[in-house]
Amino acid sequence: MSFVLWSQLALVCLLGAMSPGPSLAIVATNTITNGRMYGVFTSLGHGVGIGVWALLTAVGIAKVIASDSVISLSLQSLGAFLIAYVGYMTITNRAWNLRMERHYQTNNSKKLMKGASEGFLISIFNPKIALFFVAIFSHFVSSEYNVPEIILMGSTAALIDAMWYILISIVLTTSGLGTFLERQGSNISLISGVALILIAIYLASQVVNHLVGTA
């Protein structure tokens, strides 16, 4: 893979990561309700999921998944459920999360791994990400690529995605903005949780509309 082609691939990955959607909502919500490190681990988990999608695209599996309506709808349904679950937990546990924020930022590795798993799962079950890799990322894939080149593509997508969301986590918890979020944390958590549930309802409605349309 030439440097020019790699640069184009990196730019596409960055633009894909920067586009708003459920992934951004999850990372922002986790950062606000549980602190910077929780957001960073969510970002890292999300990056790993993106790397998985990149590798699946490189070997041609993602196209098969996207073209199979049963698999595609199953992923959308699971994604909607996951987003709704995180939204519900954000609303019901917001006061507890804020009281324990400092402890979890420094001492609770189990809690941080939970954030990483949420980031990973939302990237795997987000239909928007699947469509991105099939429709755009696949154009950079060649049957002539060897294993190191395929690994480079997956690593590039994963690293760029993780770094972008880590940057968001840092910005959200820096200086005056972090102080404001801490003071208004309970209200912001409530708003974020409701927003996530609304996103989940929208995604679920897309699944229902598809099923009704094909009935």
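Structure notes:
- Pick from the range 12-61, criterion part of a helix (DSSP H, G or I) and without any contact (Cβ under 8 Å) to a residue 24 or more places away in the chain, ranking: farthest from the chain's Cα centre (by Cα): Ile61
- Comparison of Leu78, Leu55, Leu73 shows that the only residue that is modelled with pLDDT of 85 or more and under 15 Å from Ile129 (Cα atoms) is Leu55.
- Some residue of the range 175-184 being closer than 13 Å to Ile91 by Cβ, surrounded by 15 or more Cβ atoms within 10 Å (Cβ to Cβ), modelled with pLDDT under 75 and not hydroxyl-bearing (Ser, Thr, Tyr): no
- For the range 185-215, filtered to residues that are among the polar types (S, T, N, Q) and at pLDDT 75 or above, the residue that is farthest from Ile50 (Cα to Cα) is Asn209.
- Some residue of the range 90-110 being of a type outside the set (A, V, I, L, M), modelled with pLDDT of 75 or more and either under 17 Å from Tyr165 (Cβ atoms) or surrounded by 15 or more Cβ atoms within 10 Å (Cβ to Cβ) (or both): no
- For the range 6-28, a residue qualifies if it is farther than 23 Å from Phe41 by Cα, surrounded by 12 or more Cβ atoms within 10 Å (Cβ to Cβ) and not aromatic (Phe, Trp, Tyr), and the qualifying residues are Gln8, Leu9, Val12.
The values are calculated or read from the model by the stated rules, or taken from the named source; none is laboratory data. The structure presented is a predicted model; accordingly, all values stated were derived computationally and were not measured. Every residue, glycine among them, receives a Cβ derived from its backbone with ideal geometry; neighbour counts consider all protein chains shown.
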